[in-house]
Amino acid sequence: VFAAKKPGTAPIPFSLYRHQREAIEAARAGHSYVLTTGTGSGKSLAYIVPIVDRVLREGSGKGIRDIVVYPMNALANSQMEELDKFLLSGFDTPPVTYRRYTGQERSDARHEVLDNPPDILLTNYVMLELMLTRPDERRLLQTHAKDLQFLVLDELHTYRGRQGADVAMLVRRVRELTGVGDTLQ
């Protein structure tokens, strides 16, 4: 899955950096972690690899396994493009499903998420907060995120002061609603 792919050639697996390997090992061991490193150093792979690994081991289509929270829609859009490169290229059917749910999606795309929950949900903290208050979306999380393992807060440093407190409370509320408790990484 995680390889350089060019049409007509065999995929070339990546060599991971030390910080990526250590983060992936922490995730596999069931630990929560914070990864701080420079821009463009591959932080996204450090959380996407364990998520995709779990879905591949346990099977796709069993509900939302991961929610990735971005501070801006632009970052969610960028991550969609990255996931497309890995999970669409070279596969007839994507081995892991993922959808963006940020408020910029049209009604039919939102209904698709509600009707067919993806393995990975990409959103922003404001939309996740709204999902907890809207009945259909709340039910989605309550029913289809019971096996949620990962809650990723990308660009964690952006949540400071009052906003940081709001996001901390949001994490607690997601834990409570889904019933995953302390198993959430």
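Coordinate-derived values only; no laboratory data. Worth saying up front: this structure is predicted, and the values here are computed from it rather than measured. Cβ placement follows ideal geometry from the backbone for every residue including glycine, while neighbour counts extend to all protein chains displayed.
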Query raised in the report: So which lysines pass the test for residue 62, namely a Cα distance under 25 Å, with those fewer than 8 places away in the same chain ruled out?
Result: 85, 146
Query - Relative contact order (percent, whole number), the stretch 96-137, Cα cutoff 8 Å, 6+ residue spacing - result: 49 percent
Query raised in the report: Antiparallel DSSP bridges in the chain: what percent, to the nearest 5?
Result: 15 percent
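Can you divide the C-alpha Rg of the chain by 2.2 N^0.38 Å and report the result to two decimal places? Write out the running numbers ahead of the final one.
Numbers: Rg = 16.1 Å, N = 185, 2.2 N^0.38 = 16.0 Å.
Normalised by 2.2 N^0.38 Å, the Cα Rg of the chain equals 1.01.
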Requested in this report: Averaging sequence separations of C-alpha pairs under 8 Å and six or more residues apart, then dividing by the length of the chain, give the relative contact order as a whole percent.
Outcome: 24 percent
Requested in this report: Name the longest site-free stretch of the chain, where the excluded sites are trypsin sites (Lys or Arg not before Pro) in a DSSP loop with no more than 14 other beta-carbon atoms within 10 Å.
Outcome: 1-61
Report task. Find the centroid of the Cα atoms in the stretch 103-141 and in the stretch 32-77, then give the distance between the two in whole Å. Result -> 17 Å
Query - Residues of type aspartates and glutamates that residue 43 reaches as a straight line, Cα spacing below 19 Å, ignoring anything fewer than 8 places off in the same chain - result: 22, 25, 53, 66, 81, 82, 84, 154, 155
